[in-house]
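The values are calculated or read from the model by the stated rules, or taken from the named source; none is laboratory data. What you see is a predicted model, and the numbers here were worked out from it, not measured in a lab. With ideal geometry, Cβ positions are generated from the backbone for all residues, glycine too; neighbour counts draw on all protein chains shown. The protein model used for the area step is the full one, side chains on, heavy atoms only, and it has no ligands, DNA or RNA in it. Shrake-Rupley method; radii C 1.70, N 1.55, O 1.52, S 1.80 Å.
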Amino acid sequence: MNIYILGIESSCDDTSAAVLFGNKILANVIANQSVHEKYGGVVPELASRAHQQNIIPVVDTALKTAGISKTDLGAIAFTRGPGLLGSLLVGTSFAKSFALGLDIPLVEVDHMQAHILAHFIQNEAGNKPMPQFPFLCLTISGGHTQIVLVKDHMRMEVIGKTIDDAAGEAFDKAAKIMGLPYPGGPVIDKLAKEGDPNRFFFPKPRIPDLDFSFSGLKTSFLYFLRDELKTNDNFIQENMNDLAASMQQTIISILMEKLTKAANQTGVNQIAIAGGVSANSEMRKQLTDAGAQNGWDVFIPEFQFTTDNAAMIAIAGYYKYLKKEFASLDVTPYARGSF
Ligand code: KG4
Ligand code: ZN
């Protein structure tokens, strides 16, 4: 069905608005919040204020980029949760009032489902290959690490998850320990390209089933550096690239081991990744290699759909719209929990 859908994403520190026509992307505008860099992490109060400042210009730019007017919109989809409550409230309130003002349906979207459904955003040429159901998606972000069995656009089962930190958090915390800015994932990715991933060894956790744990890895990294710094003040500066590469390799091998186990257990050979950490160049390479080795069809999101974006909210909204799953105007955001 060809309708224009506006997506709104404001769950963490990116304010984003996107316009889709059917499942095709017309605009995906993201305003990052640099205000958090110097704090080494997202400051919720500052994030809410920045969303409040960004939301109208971002929506305006998305509509202009798509070349449509607000009266062309057929529905508004927004992130209901999970995320920071104050941040979610900005997007939720904006979406409600815009839908009410335009007298069009409002659609609530789960952020984690949306990361997965980003694989169904069609390109301009209309020739992007999409995963077949059922497929497995490793969703790796700053707040979550999940292996999801995706049965259809709306039916998803979490078959593995982290019991403590998320994979993105492991990148961010390692970067912080090394004195690098937030978010640490992209910085480590860049440094690791020049480093030796086998130079340092960090033990991997032994967690049963398909679950993950990253907090022990962070602690062993911290203690290792603390010990080395006792004899060499410049240890981090002198070994930055190798530290980044070794840490990155440990995180990726934890992720790949569980993903391979999930594929073997379920017999599913359609394998996707999603979320901010799926932007990682080494992760993308190792998944592609594993796909070739194991006979999997591998789905890696376009770079702009890896970290938080509203295009993924709009596509999730599109599938709910088709099922006429609309939200009422008294809908409230949720900080935790998911599908
Ligand atoms: O999906 P996302 O934008 O937000 C959440 O839903 O959490 O993910 C953000 C996370 C951050 O932890 C960030 O460091 C990580 O994704 N990230 C990366 C890369 N780009 C972003 N991690 C590793 N390598 C990257 N290139
Ligand atoms: Zn996210």
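Send over a whole-number figure in Å² for the accessible area per residue of region 135-303, probe 1.4 Å.
Heavy-atom SASA per residue in region 135-303 reads 45 Å².
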message: What would the Debye equation give as log₁₀ I(q)/I(0) for region 135-303 at q = 0.10, 0.12, 0.16 Å⁻¹, counting only Cα atoms as equal point scatterers?
response: -0.37, -0.52, -0.89
query: Which percent of the accessible heavy-atom area of region 135-303 goes to carbon and sulfur, probe 1.4 angstrom?
result: 50
statement: Kirkwood calc, the chain, C-alpha pairs only, radius in angstrom 20.5
- prompt: Between their Cα atoms, which of 70/324; 190/320; 38/161 are more than 26 Å away from each other?
  reply: 190/320; 38/161
message: What FRET efficiency comes out for residue 222 versus residue 128 if R0 is 35 angstrom and r is the Cβ-Cβ distance? Round to the nearest 0.05.
response: 0.25
task: Please work out whether region 233-339 counts as rounded, prolate or oblate from its C-alpha gyration tensor, where a ≥ b ≥ c are the square roots of the eigenvalues and a/c under 1.5 means rounded, while otherwise a/b larger than b/c means prolate and anything else oblate?
output: oblate
- request: Classify region 192-232 as rounded, prolate or oblate from the Cα gyration tensor: take a ≥ b ≥ c as the square roots of its eigenvalues, call it rounded if a/c is under 1.5, otherwise prolate when a/b beats b/c and oblate if not.
  value: oblate
message: Using only Cα atoms and rounding to the nearest 10 degrees, what angle (0 to 90) does helix 235-266 make with the longest principal axis of the chain?
response: 60
- prompt: Most fluctuating residue of 183, 203, 57 in a GNM of the chain with Cα springs under 10 Å: which is it?
  reply: 203
- prompt: So who's got an amide H within less than 5 Å of the one on residue 275, skipping anything under 5 residues away but keeping other chains? H placed 1.01 Å off N, in plane.
  reply: 140
task: Using just the helices of the chain, give the 222 nm mean residue ellipticity in deg cm²/dmol: DSSP H runs with n ≥ 4 each add -39,500 (n - 2.57), and the total is spread over all residues, rounded to 500.
output: -14000 deg cm²/dmol
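Going highest first, how would you order 254-265, 34-45, 17-28 by mean Cβ packing within 10 Å?
Answer by packing, highest mean first, reads 17-28, 254-265, 34-45.
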